[in-house]
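Presented below is the structure to which this report refers.
Just so it is clear, none of the values below were taken in a lab; they were calculated from the coordinates. Note that the structure is a prediction, hence the values are computed from the model and not measured. Positions of Cβ are generated from backbone atoms using ideal geometry, with glycine treated the same way; all protein chains shown enter the neighbour counts.
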Amino acid sequence: MRRTLLCAVLLLSGCPEETAPPPPAADTESPKDSPVPYKVLKDETINNSVEYHVLIAEGVKHDQTQELLKFLYRHTSIRKDSEPAAVATFVYTSEAAYATPPRTPVAQVLRKSGERGPTFDNKVPLEFWQEIKVALEPAPGTDGRPTPRRDDKWKLKLKVERDDGAKSVTLTQPYTEQGEDKWAEKISFNQALQEFTDAARALYDNVPDLRSLTFVGLWQDKEVLRITLAKADYGTLNLHEIDERIGQHHGTAFLKLSTGKGTDQSVAKENAAMIAKEYRTMLAGLKGKANVSPTLK
């Protein structure tokens, strides 16, 4: 009876409501185990969604920034008793980039509500050696993952020599049988030049700091091609247009064969001559910066 009266009194007077414990204090500096020290510009949690902005020193490298992003995602996800529903973490190299709209972070990691994993975006430039390595990697597989070079363990494999100070690179390419660690039985002029144009486009299109490329083609332990291509020369050659025209020549050859306007042998010979003309015109534009062995025909 007394318990019932007590409850009634409490109901009439207003029972005190249970209050949630206050959230942990916002970060003001980087934890000691952070791979890169940083200053916290903003740490805010609203509706269980974290927004985290940090400042790092200029000159922090790409890989260091990537490790920091992983750390920040882990840190903001597990520092409280319950995992946040969403995380948005941004990295800056100047306070102006944070304070001036629109904000321009150099890196960020995001996980929206309902997503299983985070998305990383690291705009800090790769180092020169990293740019070279990435540019020369084969195209990713169908799963989007990098495809390792098949010739990494070959005796006859691509050799890459860099001069980081001069921002130059020398590629020495052995001409091998496709997919095999042995010299090609024969190598044509067109095949040799295609290897060069593919390498030049891969490097100059993906390595902004590259100033000079030297391409050396080897066959049967002998140098059969050497081309030195400066960045200015690359812009003048318009290799993209050359490759487009070569693609058109292949299309024309296919059309002739499909319409019976030539034999396999005659169409192939005519097509090879048209492609060789494109390459010889290109070499003429290099004005003595290319040496081609007469064995390449």
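List of remarks:
- Each label point was placed 7 Å from the Cα along the Cα-to-Cβ direction; for Lys70 and Ser293 their separation is 4.5 nm.
- Applying 0.36 nm per residue to the separation of Asn47 and Ile78 and subtracting their alpha-carbon distance, the gain on full extension is 9.5 nm.
- Approximating the spin labels as points 7 Å out from Cα along Cα→Cβ, the Asp198-to-Asp33 distance works out to 4.6 nm.
- Cross-link table Lys186/Lys277; Lys182/Lys287; Lys42/Lys70; Lys182/Lys289; Lys222/Lys289, entries beyond 23 Å C-alpha to C-alpha: Lys182/Lys287; Lys182/Lys289
- Spin-label model distance (nm) - Asp164 vs Glu244, 7 Å beyond Cα toward Cβ: 3.8 nm
- For a straight C-alpha distance cut-off of 20 angstrom, the aspartates and glutamates reachable from Lys157 (same-chain residues fewer than eight places away being disregarded) are Glu131, Glu137, Glu177, Glu180, Asp181, Glu185, Glu195, Asp198, Asp221, Glu223.
- Spherically averaged projected area of the convex hull of Cα atoms, the chain: 28.6 nm².
- Shape class for region 25-122, computed from the alpha carbon gyration tensor (a ≥ b ≥ c): rounded, with a/c under 1.5.
- Note on the chain: with a GNM built from Cα contacts shorter than 10 Å, the maximum mean-square fluctuation among Gln191, Gln265, Gln248 falls on Gln265.
- Relative contact order (%) - criterion: Cα under 8 Å, at least six apart; region: the chain: 10 percent
- Both radii come from the Cα set of region 163-222: Rg as radius of gyration, Rh as Kirkwood radius; their ratio Rg/Rh reads 1.03.
- Potential lengthening between Phe120 and Leu286 on full extension [0.36 nm per residue; Cα-Cα distance subtracted]: 55.6 nm
- A full extension of the chain between Lys153 and Ser266 corresponds to an added length of 36.7 nm, given 0.36 nm per residue minus the alpha carbon distance.
- Using a Gaussian network model of the chain in which every pair of alpha carbons under 10 angstrom is joined by a spring, one finds that among Thr65, Thr170, Thr45 the greatest mean-square fluctuation is at Thr45.
- Peptide ranges 81-92, 97-108 listed from the most packed, as the mean C-beta count within 10 angstrom indicates: 81-92, 97-108
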